[in-house]
Amino acid sequence: MFVGLVVKQKQYIKYFAIAGTVLAFIANLLDVQQGYGVMHGMVEVSSFSVLFNAIAIASTALYFLLCGSAFEKVGEDVADYFALIFFILAGIMLTGAYSNLLMLFLAIEIISIPQYILAGADKKNLKSNEASLKYFLMGSFTTGILLMGIALIYGATGTFDLREMGLGTGELSPLALCGIILLGFSLAFKVSAAPFHFWTPDVYDGSPTVFTAFMATIVKAASFIAFMRLFHVSFSGGNISHHWQLILAIITAATLIIGNLTAVFQQSVKRMLAYSSIAQAGFMLFAIVAHNEMSSQGLILYAAAYSVATIGIFAILLKMNDYTFDGFNGLARRQPLVAVVCAIFLFSLAGIPLTAGFFAKYFVLSAAVQQGDLLWLVILGVLCAAISAYYYFRVIIAMYFKPGEADAQGVTPGFKAMLVVAAAIVIVLGIFPNLLLQFL
């Protein structure tokens, strides 16, 4: 934030931001040296939280390298945009580590408030203003629901501590059940699960594309990590999980169906990615419905695979003049390398083997199979993955098989190198997922 006062050349600010992510990454690794444990009953450092934080920081660094130069096109306050992203990152650091419901509330708020500002950063654009207002109003309501849920849980258990609630022992009180449902619904809004997804396409489409890339990836993954931690640590003991499992399974099914079927009919690639992010949320919800070891592995892998691939596609989209499918016609002739990399990212999102997206889907679906009595949901998930191939492949067909003069503006050798690095990460994780999962 203060760099903006000193540095007059706006294009240099992103290098300070990249240096900041490197420092954050090192600080995160130093947590391992300190040893794992709970600090002041508020934050719990574990191998899971350190690994997720490492993924979030590394993805943010990749995002700055690929999309950082686009910040200048949004408006004057480049340093402030970077500062807001770091504020969001501070909230994300808490999502995998909170051990207290108040810390969960703080994490969600620290993530949300800068997003409302970033959504409306393009002040002269009406769609951006609309996105910001919609997001702010809906987000404020759901924060109220979240707090009400926390209050009811506190009333039922007398504690905010995740591990001391003891909800699995004895009969579940109606107060606690209402609290669990309210918390589930408010977090379902944050991860844009149906039927709480209506804000997503408008907000993602209206916000400046460079910020949509961050909102739809790292922020969404962090919200899922928060969701999973709450439900797996506090609400999974004894006979408690069957109270909420069916509700979440139905939400998962609705999210998969609505996300995939609406994405099929989109004409703009940016809007298609907004709906496909709802569909991807459906797959990530499998990791919450199934609470076993495989589900946490699956969600970590999904967070990495989905973030890298989607940031890559948005980085390419930022260079395009036309966001419609026709805008990609013939891109393979003009920019062969960009088209190949884009195809790899789309393969990963569709879950094609040899890409990280395949193993991510495999792990979350296997977790649901292990859980038992969720086979109907797994079959639905596989069918929806097949539908998703249709709209992802539309972009590939446009790039390779349709005549056109699509071109990407301002594609530098450095940008191409970073795209190749991102594509390499997607392929390496698709062949050796244990490179990441061994740290758990």
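Of note:
- Amide H contacts under 5 Å for residue 100: 162, restricted to partners 5 or more places along the chain or on a different chain, H placed in the peptide plane at 1.01 Å from N.
- Nitroxide proxy distance, nm - points 7 Å out along Cα→Cβ at residue 16 and residue 250: 5.2
- Here the peptides 291-299, 369-377 are ranked by packing, the mean other Cβ count within 10 Å, and the order with the highest first is 291-299, 369-377.
- Only helices enter the 222 nm calculation for the chain: every DSSP H run of n ≥ 4 contributes -39,500 (n - 2.57), and dividing by all residues gives -24500 deg cm²/dmol, rounded to 500.
- Near residue 237, the amide H atoms lying under 5 Å from its own belong to 168; only residues 5 or more places off or on other chains count, and H is placed 1.01 Å from N.
- Taking only protein heavy atoms and a 1.4 Å probe, the accessible area of region 135-289 is 71% carbon and sulfur.
- Relative contact order, percent, the chain [alpha-carbon distance under 8 Å, six or more residues apart]: 15
- Amide H partners (placed H, <5 Å) of residue 402, local residues excluded: 330
- Working note: Cα gyration tensor of the chain, eigenvalues times five, square-rooted, sorted largest first, giving semi-axes of 34, 25, 21 Å.
- Accessible area per residue for the chain, computed on protein heavy atoms with a 1.4 Å probe, is 39 Å².
- Solvent-accessible area of residue 76 with every protein chain in place, 1.4 Å probe, in Å² to the nearest 10: 130
- Sequence-distant aspartates and glutamates (8 or more away, or on other chains) whose Cα lies within less than 12 Å of residue 14: 72, 80
- Structure note, pairs 270/361; 124/220; 124/361: Cα-Cα distances above 29 angstrom occur for 124/361.
- Relative contact order of region 184-234, defined on C-alpha pairs under 8 angstrom at six or more residues apart (%): 37
- Whole-Å distance, taken between Cα centres, linking region 76-92 and region 338-397: 32
- Cα centroid separation, region 233-271 to region 298-316: 19 Å.
- For region 347-361, Karplus couplings with θ = phi - 60° (6.51, -1.76, 1.60), whole Hz, Gly/Pro x: 4, 5, 5, 7, x, 7, x, 6, 10, 4, x, 5, 5, 4, 5
- Hits among lysines - C-alpha to C-alpha of residue 10 under 16 Å, sequence gap 8 or more where chains match: 73
- Normalising the average separation of contacting C-alpha pairs (under 8 angstrom, six or more residues apart) by the number of residues puts the relative contact order of region 100-200 at 26 percent.
The values are calculated or read from the model by the stated rules, or taken from the named source; none is laboratory data. Not measured: the values here are computed from a predicted model. Heads up, the Cβs are rebuilt from the backbone with ideal geometry, glycines too, and the neighbour counts pull from every protein chain shown. Ligands, DNA and RNA are excluded from the accessible area calculation, which covers all protein heavy atoms including side chains. Shrake-Rupley method; radii C 1.70, N 1.55, O 1.52, S 1.80 Å.
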